[in-house]
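The values are calculated or read from the model by the stated rules, or taken from the named source; none is laboratory data. Because the structure is predicted, anything quoted here is derived from the model rather than measured. Please note: Cβ atoms are built from the backbone with ideal geometry, for glycine as well, and neighbour counts cover all protein chains shown. Ligands, DNA and RNA are stripped out before the accessible areas are found, and what is left, the full protein with its side chains, is counted by its heavy atoms. Shrake-Rupley method; radii C 1.70, N 1.55, O 1.52, S 1.80 Å.
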There are 4 protein chains.
Amino acid sequence: MALLTRDTAGVFAIAPTPFDSDGEIDYASLGRLLEFYESVGVSGVTVLGQMGEAPKLSHSESSALVSFVLDKTVLPVVVGVSAPGYAPMRALSDQVMAAGAAGVMVAPPNTLRTDDQIVSYYQGAAAALGESVPLVLQDYPLSFSVVMTPAVIARIATTVPSCVMLKHEDWPGLDKISALRRLEQESAMPRLSILCGNGGLFLDFETERGADGAMTGYCVPELLVDVVALTAADHREDAHDLFDAHLPLLRYEQQPGIGLSVRKYVMTRRGLLTSDTQRAPRPILSTAARTEIDFLLERLARHDKRVKLVS
Amino acid sequence: MALLTRDTAGVFAIAPTPFDSDGEIDYASLGRLLEFYESVGVSGVTVLGQMGEAPKLSHSESSALVSFVLDKTVLPVVVGVSAPGYAPMRALSDQVMAAGAAGVMVAPPNTLRTDDQIVSYYQGAAAALGESVPLVLQDYPLSFSVVMTPAVIARIATTVPSCVMLKHEDWPGLDKISALRRLEQESAMPRLSILCGNGGLFLDFETERGADGAMTGYCVPELLVDVVALTAADHREDAHDLFDAHLPLLRYEQQPGIGLSVRKYVMTRRGLLTSDTQRAPRPILSTAARTEIDFLLERLARHDKRVKLVS
Amino acid sequence: MALLTRDTAGVFAIAPTPFDSDGEIDYASLGRLLEFYESVGVSGVTVLGQMGEAPKLSHSESSALVSFVLDKTVLPVVVGVSAPGYAPMRALSDQVMAAGAAGVMVAPPNTLRTDDQIVSYYQGAAAALGESVPLVLQDYPLSFSVVMTPAVIARIATTVPSCVMLKHEDWPGLDKISALRRLEQESAMPRLSILCGNGGLFLDFETERGADGAMTGYCVPELLVDVVALTAADHREDAHDLFDAHLPLLRYEQQPGIGLSVRKYVMTRRGLLTSDTQRAPRPILSTAARTEIDFLLERLARHDKRVKLVS
Amino acid sequence: MALLTRDTAGVFAIAPTPFDSDGEIDYASLGRLLEFYESVGVSGVTVLGQMGEAPKLSHSESSALVSFVLDKTVLPVVVGVSAPGYAPMRALSDQVMAAGAAGVMVAPPNTLRTDDQIVSYYQGAAAALGESVPLVLQDYPLSFSVVMTPAVIARIATTVPSCVMLKHEDWPGLDKISALRRLEQESAMPRLSILCGNGGLFLDFETERGADGAMTGYCVPELLVDVVALTAADHREDAHDLFDAHLPLLRYEQQPGIGLSVRKYVMTRRGLLTSDTQRAPRPILSTAARTEIDFLLERLARHDKRVKLVS
C-alpha cells in the first residue's frame, strides 16, 4: 500500500472505534464507516489514536482492529503507535507496517520539557522504528503538555528523514504553520506534509496558511474535505461560508473530554454507527447535551443538505 | 455603589487596560471605553483581572486605575484581588471596597488540588476579606489548573455566605451550570449569580442552561448583551442566528495567549482604544493574523451593522 | 499462591527488569535477583511497575517476564496493571492472577483531578478486575499528579472491598499515615495494609506512624527489611542508626529520573545484575555520578558490612 | 553596599519572615535572626522569596521589611522581585537597589515551556530592570514547572550580562553543575556564581561539582557554612561526616509544603524566632511531626554541639 510522503494532502479521518452496547468492537459499523469515508472523498484513515479509544483496547483487540481496517479499505492507513518506551512502539509498528499501513503516528510522552528532550525522543523513536517507516509527528500541547517551537520541529524534520508529516494541533497554531512554511522556503528544513487537528476549529485559515489538509475526526468529514478542496481551488468565500455554517456544531464537538461522545452521537444519528457506546472510563452525554446537538444539527441541515439524520 | 447580589444578571465587561504606544496607561482610552460600555447596555465592568494585564501593573498603577474606573463609571465594578496570600488580597480588597467597588473576584492558586483544599482556600479568603464583601468565585480550570466539581462549588456557596457569584469558565461547562441550578432547586446550596467567561464561546447555550449572563471581554460586547437579552425574551432562533454570525470572530479571539491581542486590535479598529499595545512580556499579533481578523470583521459586518471600523 | 490481605506486612521489593548490554531481558540476572530477595528476608516482589521499566516492554515480553517470576519465586508477587482503560487492565490482570499473582497494583491516570473522579476511577477499575482480585492503590502525586486526601482513600477503601493495600508515596506523607490509621480506629474505613514507597526516604518514621512496611526498590533492600523489623521490635534507636547510615545513599538513589540508574548500578556492583543497562529512552549515569556512588558505598560499608561489592 | 558578582561565594541564608502569634511581622525576631546569620559566618541574606512568605505580605509590608533588613545588616542582601510582568518587577527592583540591595532574584513564571520562551523572558526582565542590576536566575523546576537545560542557562548568561548568579535547585542537579562549569571552561558562556538550594539536600556533592556555595534556608545554617568551607579546604571526609549527621533533619525539613513549618519550628526552639507562626493559608505542623523533629534534634545534638535548644 502507498506510504505517506512529504506531499500527502487531503483529509485523514480519525476513525472512532465503534462498540456495540455491550462494549465489544462493532466490526459491522467499522466496515460501514470505512465505506462512508471512501464515499465522501477522504484521503486516508487514522486508527489507534486517543480519539479511537486505543488506550481502552487490549493488545489482541488492537491487533485485530488494525488488521480489519487494513483489509477492508483501499485508503492509506496511519496507525498510532505511541508508547513511552521504544520497544513496544517498535513491536506494534513492525506489525502494522508489515500488514500494509501507510505510516505511524507518535505522540510525545508528557515528561518531555526542553527542546533537546523533544528532539532526542523523536530521533530515538525513528531509530527504533527503522528508517523506512514514515513517521507522523503529533504536536498537541493541550493534550500532551509538550510544547514544540517551529525550530524544534525543524530540527526533527532535518535530523529524522523518516519524519514526513506533522499532525498539527497547537492552539493557537496558525502562525506556526506560516513559520514552518517559511523555514522550508529558506531551506532551513525539508518539507513536511502538514495535516491539522483540533477538530478542525481553525481549518478555514489553516489551509490558507499552507496546511495540506486535516487529520481529525469531525462528525461531518464532508465539511473538512470541502474546505480543503475549496481553498485549494481558491474559492475563499465559499470555503468560509460552508465552514461558518458548521462552526457552531464543530465548536460543540471540540470540547475536551466529551468531544468523542458528541462525535459518536452524531455518527449514530447519521446511521454510520449502530451505537454511540464508549468504553469505560468514559464521560456520559447528558440529555440536555443531546438535545443541544439535535438543535445544532437541525440548524446545520438548513445550510448543508448532506446532514441527514436516520436515527 | 450597589453591591453584587445573588441575582446580579447581564453582562459584565472585562475591561482591557489601555496602554499608549510607550506602555503607559492610557486613561483617555479607558474613559472612552467606559462610556462605550455604558452606551451598549453592559451591566457592569470587571478590572484587574488576567485579561486586564493586572499582573503587569505596579502596585501604584493598580490603585490609580481602580480609582479612575470607580470615579468615571456609574456601572458596578468588580475588582480582581487574587493573591496567593490573604494579607495582600485583603489590603487591595479593603481599598477598593472603601472606594465603591461592587465586589471582588478571587481566582484559586494553582497549587490547590483536592476538594478540601479548594473549599478551605475560599473559606479562608472570605474570612480574611470580611463578610460584607461580595465575593466572585472564579472557576477557570484551563488557566488555573484547579478543577471544581459542582459539589465543591455548592460547599463553598453554602459555607461562605459572602460568595454570591460564580464566574463560570470551565470547559466543557454546560452540564455544570445545569448541575448547579439543580442543586439550588433541591435546596442543596444557595443561589449563585452565574456569569460565564471563556470569551463567550458557549454563551448561546449557557444562557439556556440557566446562566444569568456573561463576564468576559469579547471585542464586540454588544453581541453578549444581545444574546443574554434575546434568550431572556425567549427569542431562541434570533439569539442563535446572531451568535452564529459572531462565532467565527469569537472563536478567533478565544485563542489562549493571543486572545487579548485580538481583542485590543479589534477595539483599536473600532476606535475604542488609541493603541493596541500590551505590556511586556507579550505576544505579537502577526501581520497574517491582523489580515485574518480584518477579513472576519468584514464578513461579520454584513450580518451585524454595528461593527463599524474607524481606523 | 497466597493473596494480598489487609494485614500483609514487611517489604515488597520493586524488582528492576534486568537487561543485557543489547537490551534484551536478562533472565539469568532476574533469577539471581529473586533468589537474593528471598535470602534477605523480603516478603514479596512487585513487577511491571514504572521502576521495572514496564512501559518499555512489549506485550509479549511483559507476559513472559511475569510468567518467569511467578514460576521462579515462592514469594507473593504483585503485578502493575495500570492502563488508562479498563479493558487492557483486565486482560493483563486476568492473565497474571490465573498464573498465581498475589494481587495487582493500579496507578491513577494523570487526568484525574477531583475527589469524585479518583473514587470513581478505582470503583470502575475494581468492577472491571473482579471482586476476587486484591487491588493495591498507588498514591504517588509527584509522579502521577493525582492528589488523594485521606478522606478519598477512605472512600475507596470503604466502597471497593477488593482494595486491601495502599502503596503510599505521597510527599510529605507521614501525617497521611496517621490520618488513615485514625480513620480506621474510628471505624470510618476498613483497615488497609500500608506499604511505603518513595525509595524509603522516610521509612524510619513511616513505620512508627503505623505503616506495615515498604514497597520500594532501594538497592540495599536489607536496610528496608531491618528497619521494618527493628521498629516492630521496638528498637527505635537501632532502627534510626541503621537508617541514618544508609540515608546518604538512599537520598542519592531517590533522585527522580536517574534513581533507577543508581539502583541498577549498585545492584550490578553488588553482583546481582550482570549489566546496569536500561532500555531507551533512558538517562545516562555520568562518570562523576558513578564515582560519587562508589564513594557513598565505601562510606556505607564501614557501617553496614553487608554492602560488599563484587564488580 | 557591595553588589553580587560572578565570583560571589559562600552561603546566602534565605531568611524566613518572622510573624508574631497575631500574624504581624515580628521585627525583633528578624533583627535577632540577622545578627545570628552574621555570627555564624553566613555571606549574605535573601529576602522576599517564596520561603520568606513574600506572596503573603502586602505591598507596604514588603517595602518595610526590605528597608529594615537593608538597614540592620552589613551582609549583602538579595531581594526576590519575581512577577509575571516586568513593570511591577522593575518597580520593586528600583526601590530595593536604591536602598542598597546587592542584587535581585527572578523566578520564571510557570507558563514558560520552550527554550526560547525562557531565554526571552530573562532577556526582557534584564532589559526592564536595567543593566546595572545584578540578576539571580532561579532554576527550580519542582516548584516552578520550568525546565532549563545547561544550554539555555548558557544562552541567558551569554546574552544577559547582568545575570551573574544561578540559584540552582534542579533535582537531579549535580550533572547540571558540572555541565555549566564545563561550558565555562570551553568559553561557551561567562562564569556564573552558582549557589545551591533544595534545602541543601545535595550540598555535599554540589560543592564538589563546582558550586560556589548555597542559597537556602536550612534551620541550622552553620552546617551549610561548614560544608562549603570544609570542601573548599579539601577536607572531604570531614565535610561528609558533618553533612551526614545533619541529613536526617535536613531531609525532614526538605518536604514540600511543610518545609517552612519545620524550619520555623526549629528556629523557634533554637531561640531565634519568638513564634513559628505562618500566615494563612498555611500548613499546620502536627504534634507527631513536632515530636519527630524533637527526636531528630536530640540525635543531631550528639554530633553537632551547636544545636542547642532554648525553648
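With the simple spin-label model, which puts each label point 7 Å out from Cα in the Cβ direction, the B:ALA64 to A:ALA233 separation comes to 5.9 nm.
Working note: Karplus 6.51/-1.76/1.60 with θ = phi - 60° gives the range C:271-286 the couplings x, 7, 10, 7, 9, 9, 4, 10, 7, 6, x, 8, x, 10, 7, 5 Hz, where Gly and Pro are set to x.
The length gained on full extension between D:GLN123 and D:THR159, counted as 0.36 nm times the residue separation minus their Cα-Cα distance, comes to 12.2 nm. In this structure, the amide hydrogen of D:GLN138, modeled 1.01 Å from its nitrogen in the peptide plane, lies closer than 5 angstrom to those of D:VAL106, D:LYS167, counting only residues at least 5 positions away or on a different chain. Run the paramagnetic zone check for B:GLU35: 7 angstrom along Cα to Cβ, then residues of the range B:276-311 with backbone nitrogen under 18 Å. B:308-311, by backbone N distance to the label point. Once B binds D, the 1.4 Å probe can no longer reach about 1200 Å² of accessible area, counting both sides. May I ask which residue of B:ALA28, B:GLY199, B:SER58 lies farthest towards the positive end of the charge dipole of chain B, with charges of +1 (Lys, Arg) and -1 (Asp, Glu) on Cβ and the Cα centre as origin? So the residue we want is B:SER58. For the protein assembly as shown, the solvent-accessible area of protein heavy atoms averages 34 Å² per residue (probe radius 1.4 Å; ligands and nucleic acids excluded).
The mean sequence distance of close C-alpha pairs (under 8 Å, at least 6 residues apart), as a share of the length of the range D:10-235, puts its relative contact order at 20 percent.
Between C:ALA239, C:LEU260, C:LEU300, the Cα set farthest toward the positive side of the dipole of the range C:228-306 (charges on each charged residue's Cβ, about the Cα centre) is that of C:LEU260. Position B:ARG182: other-copy label points at 3.5, 5.0, 5.9 nm, ordered by increasing distance, label point 7 Å along Cα→C-beta.
Determine, from the Cβ-Cβ distance of A:SER143 and A:TYR27 and an R0 of 30 Å, the FRET efficiency 1/(1 + (r/R0)^6), rounded to the nearest 0.05.
So the FRET efficiency works out to roughly 0.60.
Label-point spacing at B:ALA280 relative to the other copies reads 4.1, 4.1, 5.6 nm, in ascending order, each point sitting 7 Å out from Cα along Cα→Cβ. Here the dipole of the protein assembly as shown is about 0 debye; that uses its Cα centre as origin and unit charges on the Cβ of Lys and Arg (positive) and Asp and Glu (negative). Ranking D:ALA125, D:PRO283, D:SER82 by Cα position along the charge dipole of chain D, where only Lys, Arg, Asp and Glu carry charges on their C-beta atoms, puts D:PRO283 farthest toward the positive end. Rounded to the nearest Hz, the phi-derived 3J(HN,Hα) couplings of the range D:100-111 under the Karplus curve 6.51 cos²θ - 1.76 cosθ + 1.60 (θ = phi - 60°) are x, 5, 8, x, 10, 10, 10, 8, x, x, 6, 8, where x marks glycine and proline. Per-residue 3J(HN,Hα) values for the range C:75-85, derived from phi via the Karplus relation 6.51 cos²θ - 1.76 cosθ + 1.60 with θ = phi - 60°, read 6, x, 10, 9, 10, x, 10, 3, 6, x, x Hz in sequence order (x marks Gly and Pro). Computed from the C-beta positions of D:ILE284 and B:GLN185 and an R0 of 56 Å, the FRET efficiency is 0.90 to the nearest 0.05. Remark on the range D:61-76: accessible area falls by at least 10 square angstrom from chain-alone to full-complex state for no residue, probe 1.4 angstrom.
Mind checking the dipole of the range B:127-180: about its Cα centre, +1 per Lys or Arg Cβ, -1 per Asp or Glu Cβ, Debye to the nearest 20?
Here the range B:127-180 has a charge dipole of around 60 debye.
Shielding of peptide D:281-288 by partners, expressed as the average count of other chain Cβ atoms within 10 Å per residue Cβ, is 4. Plainly put, the tip 7 Å out from Cα toward Cβ on C:HIS235 is 3.4, 8.6, 8.6 nm from that tip on each other copy, the closest given first.
Counting protein heavy atoms only, the range D:10-235 has 52 percent of its accessible area on carbon and sulfur, 1.4 angstrom probe. Summed over qualifying helices (DSSP H, 4 residues or more, each -39500 (n - 2.57)) and divided by its residue number, chain B shows a 222 nm mean residue ellipticity of -14500 deg cm²/dmol. For D:GLY271, nonlocal amide neighbours, meaning residues 5 or more places apart or on other chains whose placed amide H falls under 5 Å from its own, are D:VAL310, D:SER311. The count of lysine pairs in chain A with alpha-carbon distances below 29 Å, taking only pairs 8 or more places apart or on different chains, stands at 11. Shape class for chain B, computed from the alpha carbon gyration tensor (a ≥ b ≥ c): oblate, with a/c not under 1.5 and a/b at or below b/c. Around the amide H of A:GLY217, modelled in the peptide plane, lie the amide H atoms of A:ILE14, A:GLY199, all under 5 Å away and 5 or more residues distant in sequence or on another chain. Among residues of chain D, the one whose beta-carbon sits closest to the D-to-C rotation axis is listed with its distance in Å as D:LEU247, 3. For the range D:170-287, the dipole from Cβ point charges (+1 on Lys and Arg, -1 on Asp and Glu) about the Cα centre works out to 720 debye, to the nearest 20.
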